[in-house]
Every structure is written in C-alpha cells, then in structure tokens.
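Each reported figure results from applying straightforward, stated rules to the coordinates on display, with no laboratory input. Just so we're clear, the structure is a prediction, and the values are computed from it rather than from any experiment. Quick reminder, even Gly has a Cβ in these numbers, built from the backbone with ideal geometry, and neighbours come from all protein chains shown.
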C-alpha cells in the first residue's frame, strides 16, 4: 500500500504502513532531520512540523493523517535561499544551548505568527507553554520569539517597498 | 382542468414549487386518542397548550390551536418537528381507550322486514365486510402545501378524491368550492388516478396545511410521511356491510339480506373533525328500503333477483358531498365477495350461481362471453415452473376470481345501467405475501372502452400494494444503495408497466359501443375490481379478505396465522409483546422438523463449494454492504490477521471464545456450507454440523435480517478467496462448554422472528431499526446482559454494558453525555467518527465506524435517526445545547484544587494536546475533555483504557490519535490522573472509587475485565 505525502512542496509516493508515526517517515524515509525525536508521547514538542500552517506533533501522528495536507518541516522553512524571520531571530538572539528543542520552538513560534502576527508577551508564553526545554535556555528563547515578531512584521512590509 | 397547468411539471415529487420557497413548515400535534367508530368521531379534549414550552427554540414558532386541533408552524421542517415534540399540551381523555372497537354495526334502529325462513332452506350464512376510511397513498413521503389568501386557497399535493377534499376545504375555510384550486406536485394528474377507491391521508395533510396556512397567513408545507398512518388507523372503517343468505337445498339462495352502515362511504379529514368544522350526521333509518324497491337514489342496489330480498342502508344528513361511485364499489365488493363465499361453501361454480339469480339476458350473455374468453375453469392447474422466475414454484400460489356488477344509471335506475364482468388471475408469493395481478379480463356492455392495462395497474397499485407493481421487489427497509431515493411515478400509464418475468395478459371483450378512452377511471370501471381480487385471493390461498387493501404485509400475516384475517378486520398493528416463553413455543414452527427442547440438531449435508461466478456482481455488491453493516470482519479477523479468517479471542464471563473462519475454505471455513446451513446459523445459531453456536456470535440480532440480504451475504462470502486457518479451541468453564445446553438458552432468550417494520414510524426509522436491531447488532454491546448472557430488553434496551474491558455507553435516556446528543451529532459521529460536541469514536467503536464508512449516507442517517429516537434526542443541536457546551468548556479551564499529583501528570502528559493555547494546532484534540461522555460516566473504564492504550486512528483516518501511557504510568499515576480528570472536567459528578485497582485489572487482558452488568 502506498500513500502520497506533500512535504516542503514536494510530493512523495511512500510504501509505508498508514499507522507509522509521521516523524519516522520524515526522518527515515525522507531524510528530513529537522524534527527531532524527544519524548515520543507528544509531550515535549521537539518533533513539531507545520501542517497547513499549524503546529503538529509528529511522533504521535500517524502518517495517514497528513495525507492530503501540506507538511513543512524546519528543513523547508527557508524560502528562496532566505531564512524564515523566525529562524533568523533565533540566530540573532543566539537562543541555543544544546539546541535539541529548537526545532519545536521555531515551528511553534512560526505557527503562532501565522495565526497572530502581533502576539503579546503573554500570548508568546502561552503558545510555548507545552514546548519543553531541558537545558535552561528559556530566557533567550523568549527574547528570540519577541525578535521574531518584529522581523516577521518587517518582512511582511518588504514587498510593499519594492 | 386547470390543475397542473400553472405549475411546470416537477421532476421530483419532493421538490417544492419555486414560488412557494418562502413557505413555512407545519407539524400537527394530534390528541393521544382520536377515533372514528363508524358513526361518530371521538377525541380527547384539549385543555391547555403551554406556548412557552417552545420558547427556547430558535426562530419564530407559531402554535395554531382551533378547538382540539393543535399545530406548530416554524421556518424549517426540522424545527417544526422539534417544536411539536417539545410543545406541552394537556388533554382530557373523554373515554378510556378501548381496543374493542364495535365489531359490528348495531342495526337495532332498523326495522327488519318480516324474515321468514323458507321451509326448504338448508343453510344460512352471515358475513360482514368493511371498507377502510383511508387507503394507502404510495410508498414515498411527499410535500403537501397550502396557500390561503383572502379569497383563494391553493393546495399542492396528492389527492385521488378531489371532490371530497374540496368539500372538506370549503367547510374548513368557508370559501366556496370554486375558489379552491388543487395542484399536483408530480406529473401524475389528479384525474388520472382512480377516484372510486376512497380517500388517502394526502387529504388529511392538505386540510392540516390549509388550516395552519389560514391561521398564520402564509403558505404552509406539511410533510406527508408515515406519521399520517396514525390517522389511517384512527379513522378505521368508513363502511361496514353485513350480508346474510339462506340457501335452499337446491343450492339456490332463498333469502338475501344486505345492510350497509352508511349512505356515504367516506369520512371527513381528521383536521376537520378536530377543529370542530365537521358535523356528525344524525342517523336516520332509510325509509322504505324493503324488498327491492329502489326508488331512492341513495338506496343500495343489486342486479340479482332473489326470492326474498332485503336491501337497507342507514342514511345520514348530507355532511359530505361524496363521490357516489365509492359507495357503488363498496356495495359491489361486499356483494360479490359474499356470493363467492356462498358459492364456495355450497360447492357451486361462482359464475353458475350468479347466472342462476340473474333475470337479465344481456348480463348473462356478457358473463358467458367473458367466461369463455378466459377459459374459466376451477380449480386452476398448478403453476408451471417456467413462469415462476423469482421464487421456487412451491412458494407461489395461483388463483382466479370472478365478479360482476351492474351499475345503476344515476338518472333512471333501470336495466340500461352499465354491466361489467371481470375475471382476474393472481399469483401470491407465500413467503413475502406479495400479490401480483397477472391477468385481467374485463367485459363491459356499454360505455367507453375499458383500458384494461391501466385498470390492472391501478388495482395493483391501490388495492394490492404500496405502489410496487412488480413482483419480487423487496420491502423498503432492506433496500440498499442510494438509488432507493428515486421516486417511482405512480400509475402514469400502461407503458410504465414493464415487467420483470411476467407479461400480464390483458384482453378485452369487444363492447357494444366504441368510444374514445377516457383518462378518468370512474367507479363504473372499477366497481367489481376489488371483489374480483378478493375472490382470486381466496382461490389462491383459502383465506377470505373482507376488507381492502390486500397489501403484502396483510397477506403475509394472514398466511402465517389465518385466524387473524377471517374476522375481516385489519390485523392489529401494535408491536407484538416480547414474551420470551411464547416466542420459544413458536420456535417449533420456525425451526421446522425438530422439536426445540431436544438439544440435538441434524447436520446439514455438506456441499461442494459454490463457484465464485455463480452470483451476479449486483448480488455480491449488496452482500458486501450487508457484511459491512454487520461488521463481520471486526470479529472474524484476528489482530494483524487475514480478513475473515477468524481466531480473534473474546473474553466472556464464561470463558474465552475464538471467532471462526468464514472464508469459503472447505476444511476450516464455510466452503461446504449450503445456503440452508448458513441461514440456520445466522437465524438460529446452529452450525452446519448441528452443534450450537454461542451467542457471542450475535445470531440473536442477525435473525432479524431479511431473506434477500442473507442470500446476498452468502453470495458475497462465498465469492471471497478461501483461506485455510488453524483451529483454535474455545476455553470455556463447565457447564458452559457443553454446546447443546444452548438449545435451552435459545428457547428462553432467542426470538428468531424476522424484522417487522413498524407502520407507525417513518421509512427512515424502519430502515434504521432494521440495520441497528439486525445486522448492526448495536444492542449486542450497548444492552446489558443478564446472568445467563442474554440481552435485557424493555427499559434496559440500549442501557449500556461492558465489552472487552470497555464500557459501551447507554444509548437511551440513561446517556451520561454532558451535552445531550442530537440526531445530527449522532450522524457526524457514526459517519465521520467524530462529533464536535462529543469527541471521537475509539476503542471497539472505532472499527464499527470504519465498517459504517462502507454504507450509503442514507443508511447511516437512518441508524442515527433510530438511535436518536431511543435517546429521545432532538433533530439538531439547539442553541441552548451549544451554549451549554461552551459554558462547560469555559468552566473547565481552571485547574481542580487539591489534586496536585494528578495536575502535574496532566500538565506534563496531556495538556499539550488537551488544553487550548489560543493557537490552532493540527494534532490537538478538537473536542474539550469537558464534553467527553467517558469522563462523565459512572464507570472510569473507558478513561483508564484510553490512558493506558491511547486512541488510535487505525480505522478512521484523520480522527484522533493519542499515544498510550501504559509503559510510562504506574497504576497509582493512572489513578491520580483519572481522579484529576474527573474533578476538573466533570465537577458535577461524584469522584470515582478504587481507580488504582481498576487500572491494574484493565492492564490484564485475560482477567476479570468484563462485567456481566454495569
């Protein structure tokens, strides 16, 4: 049995069991290693990707659930050789120590901005509440998220100036 | 005629004219008891209507009250139905409802002529015949629309008695008849229908609609469906005729006595009675109706001459301008049936007896000519197998009947009236009760040509069935596929009478005067038509039907228990009481040869496996749907096993059972099973080798399946690939391991009666009931079982139970859902595996939803409708229900105090998906736990099961996916978490007890995970 998956704008025919977690397919079959395997129970968020612009925890999501939807991983977030403003903000803020959770943090902030381009500090904290960081980078991550709001806003302005 | 001209022909009967798109919808609320007893109308009196009881429903709802008539008008049909359900109405019972309607008309007010038994008389006979107040209106529901304006009333609907309907409407609205127009919603013109057979419930619906339209000042649409069958029941008989005869030793009828209860053979519409607009007639005795002196227009008429003849009719003050031909047909039916009975009882040829009493050369010549044309002989030769394509010949009974009438000419009641003689052949399917009018020969001495083909079709439609002219069609409740919604045009001409198998032979004796065929079927043409069928039916079955119509259901019932029909009254339509002991006694007749108390059953001879190409693709496809509805594969497939090869284990309180291989493998499967063996297993729970099966196999439900569906299922299973399997041996404790003990169990608890649709319910309900009670075997999981493992019924039906360590929640009024279910929610849940106000299907219900995905939408809707009825659920989620749900979700955002251990577990493991962060998330649970029925249940089982093993979308793609935590959480943690969930999301419920123990139990798949009762 094969199914068709759209990941980072590309269609893939895959001969996998429909119950396979999406994370395994992304990392093993498609060699997309942006999403990480963390808890395996949907608790930490390290495995997050964007599906139709919304955050999704792929370690608990069967691959069949993503069929017919548009999957974007961290690997596909950059556009035309330019990093996504959220990625740029995390680099600019140097918001990494061990870095294992960053995939989930970036994806979750991206999903937040897709929904609300000008979130308050409290809204950022709420959105990131269920993304776990174990090495204590929380302050830098929140700074990066706030920076991302600004970078994202100015990126949105760009086409108007051109 | 202007009927139908203003309106373009509609393709679909159910479509509403565009001009009336703004119409509102009306639903009537009838009194609990109303009844026409043959003389007067009785009903409960209305005391009060509480209009505030529908105040909570959205939109403007108007309550129409006129005397005892109550109706609700709303902007949509669903809303009107809900409002009618919710409206609080108080009635005063005028009399206790007695089931014993007067069995005979009391003729005490009549003075009999001096009846002297002639000295030679040998035998005397007395019989009573009836005529229903309402005939069938067809097999599909339809719209009836009324638009009342100041000086005009327009009705769109279906009527076959426009004259009577207009009269009712005129009386109702006080408009003159010429300001009332009737239009047809489908292409069948009113005048093309037979007018002489009597009214149908379309007239009652039209009067209801008109009354409500007048009250609200806008067009009102009424949905004419099976609910109007209640009117049909309540109105009972419109006419009763009592006949007596004394026979001389020569066989001659020495005395003939005819009494007719009413001069008018029709009963006004229910709405007219309830609103007080109809007036009960004063009964007076018809003066001078002695001997055959028929100088009064309304007096009964008979073409025969008897030595001592008495014809009487009670007259009424003229409340109804009825079609006089109705009475003519009623008279002819009673007289011709009675003469046939007399002839049969005295062993005379029915035609010879009639000729003996005719003093009319023209009539005798006509009868002889028709008899010769038909090659009249009795009895008929047995049916040859070649002409019986759809059933085996022994299941078809053949019969022939004769009837004669002479219609009085209305101006001068003399000899020139139209004479007509009829001979009809019928074939009766003994199993289904369907009657096919296979041949009709009509001779008429004067008047326009008789269109025999159309007569044949009209009679077939209106007297024999619910617009199902072809033999071999199944009743509606077991039809599959979406094609069932295509409406069959009713009686739209002889060309439509395409036949499958039978080519009806229609011949005609040349009439004296050839005139162009009229498109109106008058009473003169139909007069002997009902009697001729009754006589042919008697010839075929030996059962006398003394009241039309002769529908398949009545014929089937009569063939099963002949005593019901011999009374000449319609069979009681109430559901049979579920008396198990009596059912057990009846089993002996069902199972055939072996007495049921004897535990041994013979083996059915093994057969070679039927060839895969033996069955048509259509049959196999139907069987595939039947298998999907019955969800065979869910039980007959082991985890990760091959479909239908069996081996799945079932934990029961009596031990472990394994499902069997139902692929057509000849050694380990059912390859050697004949259909007879298969049917016995499905209906009686007996394996091919004669051993008893355990009721974990729900033959108790499958017994309800129709024959056609079982045959299709057999065809489907036999056409699948044969796969060999290992035999697994059941592990049951003694004495349950002794299979033969199941014979006693069956006698006690198994009712193998096939499904009977409830005529008081809609087609949708009956379809849903057929699927849910039979193939769907919902109650196998959702009804509690007694200590012997038998499903409880009555108020315990659908009361919830435990299966495989899961609670199957109650589907009746005991439902613990925090927000009440609606029919729409149930449909969403069953069709898509998810309802916004209730959450997702999981556990053993998930594969059920996956099986339902194979079924057409109509079937899933039907099941939802049936379950909603058991729950007394509204059609749609009301605004109140949605608001209540929102309130529950809002109040559950705060954590529950004092349960920190559970809270920490919840925040760490569950909150990421089960708490809304304000940002839409693809993988989160879409329904709040505050709306989850399991958390509100009295039992924690489903919550613990979900925590331990998760919720998996294996069966329903795109629905819910939750990991199991059995490897991460200890029993203490599971208990803490469940305690916390209960406190936070179901704060109005008492805490669960002994959660840790329950968690430990449910982790053990082979121990004590099944309660016998909740």
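How do B:701-708, B:860-867 rank on mean C-beta neighbours within 10 Å, highest first? Working shown, then result.
Working: B:701-708: 21.5, B:860-867: 24.1.
Per-residue Cβ counts within 10 Å, averaged per peptide and sorted highest first, yield B:860-867, B:701-708.
I want to check the label-to-label distance for residue B:726 and residue A:33. Put each point 7 Å from Cα in the C-beta direction and report it in nm to one decimal.
Those two pseudo-labels are separated by 4.3 nm.
Average partner chain C-beta neighbours within 10 Å, per residue of A:63-75? Intermediate values should be presented prior to the final figure.
Details: counts 0, 5, 8, 3, 2, 2, 2, 0, 1, 0, 0, 0, 0.
Rounded to a whole number, the mean comes out at 2.
Would you tell me the mean number of C-beta atoms belonging to other protein chains that fall within 10 Å of each C-beta in B:910-920, as a whole number? Could you put the intermediate results ahead of the total?
Values: counts 4, 3, 12, 6, 0, 3, 1, 10, 8, 14, 7.
So the per-residue partner count for this stretch is 6.
Please give the average number of partner chain Cβ atoms lying within 10 Å of the Cβ of each residue in A:127-140, rounded to a whole number.
Working: counts 4, 2, 5, 10, 1, 2, 0, 0, 0, 0, 0, 0, 0, 0.
That average works out to 2.
Between residue B:179 and residue B:926, what's the calculated FRET efficiency when r is the beta-carbon distance and R0 is 60 Å? Round to 0.05.
Numbers: r = 57 Å, r/R0 = 0.95.
With a Förster radius of 60 Å, E is 0.55.
Consider all pairwise Cα distances in segment A:19-85 and report the whole-number % of them above 19 Å.
Here the long-distance tail beyond 19 Å is 26 percent of all Cα pairs in segment A:19-85.
Calculate the all-directions average of the projected area of segment B:839-906's alpha-carbon convex hull, and give it in nm².
Working: hull surface 29.3 nm².
Reported value for the Cα convex hull: 7.3 nm².
With each pseudo-label sitting 7 Å past Cα toward Cβ, what's the residue B:365-residue B:616 distance in nm, one decimal?
5.0 nm
With a 10 Å radius around each residue's Cβ, average the other Cβ atoms per peptide and rank B:257-263, B:617-623, A:77-83, highest first.
Numbers: B:257-263: 24.0, B:617-623: 17.4, A:77-83: 10.7.
Packing order, densest peptide first, comes out as B:257-263, B:617-623, A:77-83.
Between residue A:2 and residue B:758, with labels modelled 7 Å along Cα→Cβ, what's the label distance in nm to one decimal, could you check?
It works out to 5.2 nm between the two label points.
What order, most packed first, do the peptides B:328-335, B:80-87, B:850-857, B:530-537 have when packing is the mean number of other Cβ atoms within 10 Å of each residue? Intermediate values should be presented prior to the final figure.
Numbers: B:328-335: 27.4, B:80-87: 21.4, B:850-857: 17.6, B:530-537: 29.2.
Order by mean packing, descending: B:530-537, B:328-335, B:80-87, B:850-857.
So how long is each side of segment A:85-157 along the principal axes, counting just the alpha-carbon atoms, biggest first, in Å?
Between the extreme Cα coordinates on each principal axis of segment A:85-157 lie 35, 23, 16 Å.
Would you give the gap between the C-alpha center of segment B:907-930 and the C-alpha center of segment B:779-815, rounded to a whole Å?
Here the two parts' Cα centres lie 32 Å apart.
Using only the Cα atoms of segment B:763-1003, each taken as one equal point scatterer with no solvent, compute I(q) by the Debye sum, divide by I(0), and report log10 of the ratio at q = 0.07 Å⁻¹.
Debye curve over Cα of segment B:763-1003, log10 I(q)/I(0) at q = 0.07 Å⁻¹: -0.23.
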